[in-house]
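Notes follow once the structure below has been shown.
The values are calculated or read from the model by the stated rules, or taken from the named source; none is laboratory data. Because the structure is predicted, anything quoted here is derived from the model rather than measured. Here the Cβ is made from the backbone with ideal geometry for all residues, glycine too, and neighbour counts use every protein chain on show. When the accessible area is computed, the model is the full protein with side chains, heavy atoms only, and any ligands, DNA or RNA have been set aside. Shrake-Rupley method; radii C 1.70, N 1.55, O 1.52, S 1.80 Å.
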Amino acid sequence: MDAMTAASTGFQVPIIDISPYIRNGDAADRAVVAAKVDDAAGSVGFMQIVGHGIPPAVIDEFTAVMDDFFALPLEEKKAYRTPPEINRGYAPPKSESLSLSLGVESADRMNDFFEAFNVGVEAREYPELALPGDHYADNTWPAVDHFEAAVSTFFVEARRVAHTLTRIFADALDLPADFFEGFTDHSLDVLRMNNYALPPGEIELEGELTGMGEHTDYGIVTVLWADQVKGLQVLDHHGRWHDVSPVDGALLVNIGDLMARWTNERWMSTLHRVKAPIVDGAIERRRSAAYFHDGNIDAMIATLPSCVGAGSRYSPITVGEHIGAKLAGSRAGRPNPYAQREAERVRHAMRRGQGRQ
């Protein structure tokens, strides 16, 4: 199977050049981009974007310090752990179960075999708003040379791309160009750096190895840097999983739950997972970094009037309520009570015998 295309099913993750928005191109060129994004968001829920404007040197420096951190001894990394409800710092392997963010217990009751480090927007960035310290927590920075500077630079670039995407979304949905700004001007954004390499001999399997369990992303949109090692899989509308990896220089972008709510599932938050590839008994190294653009904690998300149709599938919910329930599932092990529709999609795939392939 080609990394981006499954010939037998016609599944593909489209490549979209967003440079007309980056360089403020003419309206006709931007309209073409918006139409492509609308089609991808409605048919696949994933796309890969080029022309995003992040300098290669920024990505190189960022991935270098990420590698330096994950190369530290495990006990040293554990010094940067935070409580489960604080979405910051280090998460060791087997400490999370992302399927529980959907209210679904892993079939083999195993947590996910990945380690991560999170940084995010801090309350101090918006002193006039008195934002809650648990959601807008202070970052924990490891004692790794240039880590804070390189990660912060990439964070700013990824935030810029995320806001560019919401401008494209507004055009694609025939909304005012600044529609999403009122929902994202103090957005609850987090950058999660993931590492799937574990030292040989430390894996005690109780069942099938899962790098990262089936889940949808929580917020508005995710901007993902990933290397090209096999592992990321996306679920199609027929319950089949497909391998996905980016072409050179591309970022992967996927729609989150809040955008699915907003659009009444005109755009879908696509289920995805990571299956850790095993070579000669060891997990092949795979890295990724996901920038989650989640919206203002106090923003109320209700179906867009243009998307209501015969009726809304979702009740209004604040970003804080939604994200809090998701994190309680993945990080604290409490099944999410608000994710019935998403959970049924996982169970349906499992019933068809496809969800664990």
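One line per residue, one yes/no per condition, for (1) open to solvent by less than 20 Å² (accessible area, probe 1.4 Å); (2) hydroxyl-bearing (Ser, Thr, Tyr); (3) outside any loop (DSSP other than H, G, I, E, B); (4) at pLDDT 85 or above:
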residue: Ala276; (1), (2), (3), (4): yes, no, no, no
residue: Arg285; (1), (2), (3), (4): no, no, no, no
residue: Gly309; (1), (2), (3), (4): no, no, no, no
residue: Ser315; (1), (2), (3), (4): no, yes, no, yes
residue: Gly324; (1), (2), (3), (4): no, no, yes, no
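Inside the range 120-135, residues that are over 28 Å from Leu251 (Cα atoms) and either of a type in the set (Asp, Glu) or part of a loop (DSSP other than H, G, I, E, B) (or both) make up a count of 9.
Filtering the range 1-27 to residues that are among the aliphatic types (A, V, I, L, M), modelled with pLDDT of 95 or more and surrounded by 19 or more Cβ atoms within 10 Å (Cβ to Cβ) leaves Ile16, Ile18. Residues that are more than 21 Å from the chain's Cα centre (by Cα) and loosely packed, with under 15 Cβ neighbours inside 10 Å within the range 143-164 comprise Ala143, Asp145, His146, Ala149, listed in sequence order.
Checked against (1) open to solvent by less than 50 Å² (accessible area, probe 1.4 Å); (2) free of Cβ contacts under 8 Å to residues at least 24 places away in the same chain; (3) in contact with a helix residue (DSSP H, G or I) (Cβ under 8 Å, 6 or more places away or on another chain), Glu122 meets all criteria but (3).
I'd like the full set of residues that are within 24 Å of Pro127 (Cβ to Cβ), in a loop (DSSP other than H, G, I, E, B) and not aliphatic (A, V, I, L, M), limited to the range 179-196. Selection gives Phe180, Asp185, His186, Asp189. Scanning the range 38-55 for residues that are modelled with pLDDT under 95 and assigned to a strand (DSSP E or B) yields a count of 1. Applying the condition of being more than 24 Å from Ile301 (Cβ to Cβ) and not hydrophobic (A, V, I, L, M, F, W, C) to the range 215-236 and asking which residue is most open to solvent (accessible area, probe 1.4 Å) yields Lys230.
Residues are listed down the side, and each one gets a yes or a no for (1) assigned to a loop (DSSP other than H, G, I, E, B); (2) modelled with pLDDT under 70:
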| position | (1), (2) |
| --- | --- |
| Leu100 | no, yes |
| Asp108 | yes, yes |
| Asp112 | yes, yes |
| Phe117 | no, no |
| Ala137 | yes, no |
| Thr140 | yes, no |
| Thr153 | no, no |
| Glu157 | no, no |
| Arg160 | no, no |
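From the list Asp178, Asp185, Asp189, the one residue that fits, being among the acidic types (Asp, Glu), within 27 Å of Gly53 (Cα to Cα) and over 22 Å from the mean Cα position of the chain (by Cα), is Asp178.
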